[in-house]
Amino acid sequence: MRYQITGKQIDIGDSLQAHVKASLDEVIGKYAGRPTDAGIVFSKSGHEHVCETIVHLSTGLTAQAKAHDFEIYASFDKCCEKMDKQLRRYKRRLKDHHRDRAEPVELLAASSYVLAASGEEDESDEASLQPMIIAEMETSIPSLTVGEAVMQMELAGAPVLVFRNEKQDAGVNIVYRRDDGNIGWIDPN
């Protein structure tokens, strides 16, 4: 597994890197057979250290956790506990569905854009209809079942997930968390 351990304006020592690798190997080894890579970012927010961890699994799913504490090792340990809980739930759901994905998730390339928020400036109506693009990034859209998409959205803690429905060749589908706490699914036909 590849590790990318970085610090935002923090020096990450060799002992912390060794602790991170050993702890994540132990946690991920229990639940996920073939993780591909992990990104761990340490930063500081006021007096607290913040640890953000993202692990990409060979099935195409992504697990992420974030924690903070006054000590850098304690922030990572809390983050590792959250990751352990997420992966345990993920494995339990896979067993409950009696489905073991034999091949990795197919990913479709797509572009992602960040648009400028509309300001208070006095602009003509025509110019205000065309939003200004601030950033452009490459992203991927996975081919998943609806159940896997909901699981991926919950693992990521995201409010919405765009995916291609594996059961149908019906283009792009969306699952999202509704205000009432339920999950919504948009399936264009």
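The values are calculated or read from the model by the stated rules, or taken from the named source; none is laboratory data. All values derive from a computational prediction rather than experimental measurement. Glycine gets a Cβ as well: all are built from the backbone with ideal geometry, and neighbour counts include every protein chain shown.
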**Request:** Please state which of the following conditions Ser58 fails to meet, knowing it meets all the rest: (1) surrounded by 12 or more Cβ atoms within 10 Å (Cβ to Cβ); (2) modelled with pLDDT of 85 or more; (3) among the hydroxyl-bearing types (Ser, Thr, Tyr).
**Result:** (2)
**Complete:** Among Arg164, Arg177, Arg101, the single one that is modelled with pLDDT under 75 and under 21 Å from the mean Cα position of the chain (by Cα) is Arg101
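For Val114, are the conditions met, namely being at pLDDT 85 or above and over 30 Å from Gln17 (Cβ atoms)? Write out each step before concluding.
Values: at pLDDT 85 or above: no; over 30 Å from Gln17 (Cβ atoms): yes.
So Val114 fails the test.
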**Item:** Residue check, Leu108 part of a helix (DSSP H, G or I) and at pLDDT below 75
**Value:** no
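Step by step: first the residues of region 123-161, then only those that are in a loop (DSSP other than H, G, I, E, B), farther than 22 Å from Thr53 by Cβ and among the aliphatic types (A, V, I, L, M), then the one that is modelled with the highest pLDDT. Which residue is that?
Filtering region 123-161 down to residues in a loop (DSSP other than H, G, I, E, B) leaves 123-124, 129-132, 145, 157-159.
So of that shortlist, the ones also farther than 22 Å from Thr53 by Cβ come out as 123-124, 129-132, 145.
Of the ones still in play, those that are also among the aliphatic types (A, V, I, L, M) are 129, 132.
Details: Leu129: 72, Met132: 83.
Within region 123-161, the match that is modelled with the highest pLDDT is Met132.
Just name the residue that is modelled with the lowest pLDDT out of those in region 1-51 that are among the aromatic types (Phe, Trp, Tyr) and farther than 18 Å from Lys91 by Cα. Steps first, please.
Here is the first cut: in region 1-51, the residues among the aromatic types (Phe, Trp, Tyr) are 3, 31, 42.
Checking the rest, the ones that are also farther than 18 Å from Lys91 by Cα come to 3, 42.
Details: Tyr3: 88, Phe42: 93.
Ranking the candidates gives Tyr3 first.
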